[in-house]
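Participant: My questions will all concern the structure given below.
Since every read-out is calculated from the coordinates, none of them should be taken as a lab result. In this text, all values refer to a predicted model and were calculated from it rather than measured experimentally. Backbone-built Cβ (ideal geometry, glycine too); neighbour counts: all protein chains shown.
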Amino acid sequence: MVQLIPEGLRRMVGGATALETGTREAVVLSVAAQKGGVGKTTTAVNLAYALARFHDLRVLLVDIDSQGHVASALYRLVPPTGGEGVSDILLGKKRDIFEVARPTRLDGLHVTPSDRHLNETEGIIGARIGKELLLRQASRVARTHFDAIIIDCPPNLGNLTLNALLASSHVLIPSDMSVLSLQGVHDLVDALETVRERLGHDVKLAGLLRTRVDGRNRTVNEAILEALEQDYGPQLLKTQIPVNTALAKSQLEGRAVFDYAPASTGAAAYRDLALEISWRLGLSARGGPAAASHPG
Ligand SMILES: Nc1ncnc2c1ncn2[C@@H]1O[C@H](COP(=O)(O)OP(=O)(O)OP(=O)(O)O)[C@@H](O)[C@H]1O
Ligand SMILES: [Mg+2]
């Protein structure tokens with residue numbers, strides 16, 4: 001039967017109960033890069049996991065990429081979903097990402113999964129007024145229940161990434177050591193400036209993260225590092241992520257690297273990243289003093 005009363009109106013008429021607000025104030029961090037395959041999902045998943053496990057934070061990991069890689073990268077931790085995902089939020093069927101957040105087997109870590117309709121949804125919201133503000137509006141309640149919300153973005157600067165940036169206080173940009181990736185970093189930093197100027201939202205750069213660093217490519221690494229230091233200086237994170245097969249294998253195994261290969265160089269690097277990010281963003285432990293000390 002054709003739905004004559006839109007969902008939002010039905011809720012108003014039916015007097016839907018208000019979502020309960022919490023007492024926290026989340027830092028919202030998008031992990032974004034225009035180039036594909038630079039380690040956005042690997043970073044979002046392992047950073048979220050490390051912040052929950054080693055820093056005792058309540059963390060929500062939100063997947064806004066239709067590829068749905070967060071759920072597959074953590075399939076051993078996340079109970080099977082009922083098909084609900086970010087599309088339900090963007091289309092107004094659910095009010096807040098908190099409603100779609102699922103607890104995982106790791107205490108403190110929740111996941112709001114992507115869904116298979118997300119590409120279609122991106123097209124539908126394209127015609128809506130305020131289309132870039134949907135996620136921001138739909139994260140008001142979630143922000144009060146978590147210390148950090150981490151958003152894994154798709155590899156482009158489309159509507160979904162724009163929604164993530166407008167919902168975020170900070171953005172973390174992973175970049176592999178290639179010229180193409182470097183160009184993508186410049187484009188994204190330009191986009192942040194445009195968001196600031198045209199939409200009045202000041203999303204701060206949490207840092208640039210060098211990923212998939214292969215120690216054997218010294219000449220290329222040094223050239224890219226020099227360009228990054230020259231352009232971004234203090235925003236270039238001290239932590240760098242090496243090429244490490246444990247990271248790729250853990251993703252295939254549906255676990256965070258800390259469970260799959262805790263002694264690997266990949267696990268050590270993402271633990272360092274969690275410390276550096278928690279310090280930079282002033283994240284503190286659940287109900288306690290700041291867990292992180294200055295990484296030096
Ligand atoms: N440091 C690393 N060492 C080895 N393999 C890695 C590393 N980082 C990521 N990978 C692997 O590279 C592939 C791409 O990584 P990932 O999915 O994190 O990138 P992405 O930027 O999210 O990609 P997309 O743009 O498609 O969303 C995956 O198979 C992942 O396991
Ligand atoms: Mg990805």
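Participant: Reachable lysines from LYS40, Cα under 23 Å, same-chain residues fewer than 8 places away excluded?
Facilitator: Partners within reach: LYS204, LYS238, LYS249.
Participant: May I ask for log10 I(q)/I(0) of region 213-260 at q = 0.15, 0.17, 0.20, 0.30 Å⁻¹, from a Debye sum over the Cα atoms as equal point scatterers with solvent left out?
Facilitator: Log10 I(q)/I(0), no solvent term: -0.56, -0.66, -0.76, -1.04.
Participant: In the chain, what percentage of the DSSP-assigned beta bridges are antiparallel, given to the nearest 5?
Facilitator: On the way: 2 of 29 bridges.
So the antiparallel bridges amount to about 5 percent of the total.
Participant: Still on this structure, please answer the following. Put a dot 7 Å past each Cα toward the Cβ at GLN235 and LEU133; how far apart are the dots in nm?
Facilitator: 2.5
Participant: Expressed in nm², what is the orientationally averaged projection area of the convex hull enclosing the Cα positions of region 11-150?
Facilitator: 9.0
Participant: I need to check one value: relative contact order of region 24-281, counting alpha carbon pairs closer than 8 Å and at least 6 residues apart, in percent. All intermediate terms of the calculation are to be shown ahead of the outcome.
Facilitator: On the way: 524 pairs, mean separation 69.7, N = 258.
So the answer I get is 27 percent.
Participant: Can you give me the distance in nm between label points at THR23 and ALA227, each placed 7 Å from the Cα along the Cα-to-Cβ direction?
Facilitator: Inter-label distance under the simple model: 4.9 nm.
Participant: In what sequence, highest mean first, do 272-284, 224-236 appear when ranked by Cβ atoms within 10 angstrom?
Facilitator: 272-284, 224-236
Participant: Okay, next question. Can you give the Kirkwood hydrodynamic radius for the chain, in Å, rounded to one decimal and based on Cα pairs?
Facilitator: Numbers: mean 1/r = 0.0514 Å⁻¹.
Value: 19.5 Å, from the Cα pair sum.
Participant: If packing is taken as the average number of other Cβ atoms within 10 Å across a peptide's residues, how do 157-167, 179-189 rank, most packed first?
Facilitator: Highest to lowest by the protection proxy: 157-167, 179-189.
Participant: Can you give the helix-only mean residue ellipticity at 222 nm for the chain, where every DSSP H stretch with n ≥ 4 adds -39500 (n - 2.57) and the sum goes over all residues, rounded to the nearest 500 deg cm²/dmol?
Facilitator: Per the formula, -12000 deg cm²/dmol.
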